[in-house]
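Below you'll find the structure, written out as structure tokens, and then a few comments.
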């Protein structure tokens, strides 16, 4: 992975009369990129890019920046999901009904369209649900990595589970892949798996990287859009 310099102190730029703070990070990338999330405007730029060129690009996309920042400000925070008998969640695009039970020996058990949870004084229903989804996620992710890795001519990489709030996956420079267990409510696990596997070939987001993603996932653009849309609907457990 190309070395990345620490982010520079926060800067500010005026767009259409509005002061907009942004964080600049320089690296060995070739182009200037803009990204907006809950942290605000973040700019990635080549190490030697002139500040004037960077801010010219921000102005060029000024309305997009303002619209996206406004959308984040107006976006309601995902609600905390109440885990009770009869609550319905989605796993891999399919509804899953939670059944609270006092029977059986297992803390949780998956059945057709149902997950049975047996909470007690030390293990609440929400904790059990997260543990169950993590276990299921690890199994599904390992299966998908084993399916797609050979198509790139690589061995299935070591897998870690992530619980990040804003990142679905990552690939370390040592070849390990971390996938977010919260992907379980979504039907686009394969896109994230293919995305991170592609980093084993191209540790960047260059056109060559996206060509590798497309080799594994031809409809990656549609799946990426779906992920961005559905991600906003994931409740907190």
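Nothing in this text is a laboratory measurement; each read-out follows from the coordinates by a stated rule. The structure displayed is predicted, hence computed values, not measured ones. A quick note on method: Cβ atoms are made from the backbone with ideal geometry, for glycine too, and the neighbour counts reach across all protein chains shown.
Here are the numbers for the structure shown:
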{"read-out": "Fraction in percent of alpha-carbon pairs per bin - 5 Å, the range 127-231", "value": "2, 13, 24, 27, 21, 10, 3, 1, 0"}
{"read-out": "Among 103, 159, 34, residue whose mean-square fluctuation peaks in a GNM of the chain (springs only between Cα atoms under 10 Å)", "value": "103"}
{"read-out": "222 nm mean residue ellipticity, helices alone, for the chain (DSSP H n ≥ 4; -39,500 (n - 2.57); rounded to 500)", "value": "-10500 deg cm²/dmol"}
{"read-out": "Cα-based Rg and Dmax for the range 21-123, where Dmax is the largest Cα-Cα distance (Å)", "value": "23.4, 67"}
{"read-out": "Proxy reagent accessibility, fewest Cβ within 10 Å first, across 11, 105", "value": "105, 11"}
{"read-out": "Potential lengthening between residue 28 and residue 53 on full extension [0.36 nm per residue; Cα-Cα distance subtracted]", "value": "7.4 nm"}
{"read-out": "Highest-fluctuation residue, 127, 85, 67 considered, GNM on the chain with Cα pairs under 10 Å", "value": "67"}
{"read-out": "Theoretical FRET efficiency, 1/(1+(r/R0)^6), r = Cβ-Cβ of residue 160 and residue 135, R0 22 Å, to 0.05", "value": "0.95"}
{"read-out": "Candidates 173, 109, 18, ranked by Gaussian network fluctuation over the chain, Cα under 10 Å, top entry", "value": "18"}
{"read-out": "The chain - Kirkwood radius from inverse mean 1/r over Cα pairs (Å)", "value": "20.3 Å"}
{"read-out": "Mean separation of Cα contacts under 8 Å, 6 or more apart, over the residue count of the chain: relative contact order %", "value": "13 percent"}
{"read-out": "For the range 44-118 and the range 151-178, distance of Cα centres in Å", "value": "19 Å"}
{"read-out": "Whole-number Å³ per residue for the convex hull built on Cα positions in the range 11-74", "value": "76 Å³"}
{"read-out": "Difference of contour (0.36 nm per residue) and Cα-Cα distance, residue 226 to residue 10", "value": "74.6 nm"}
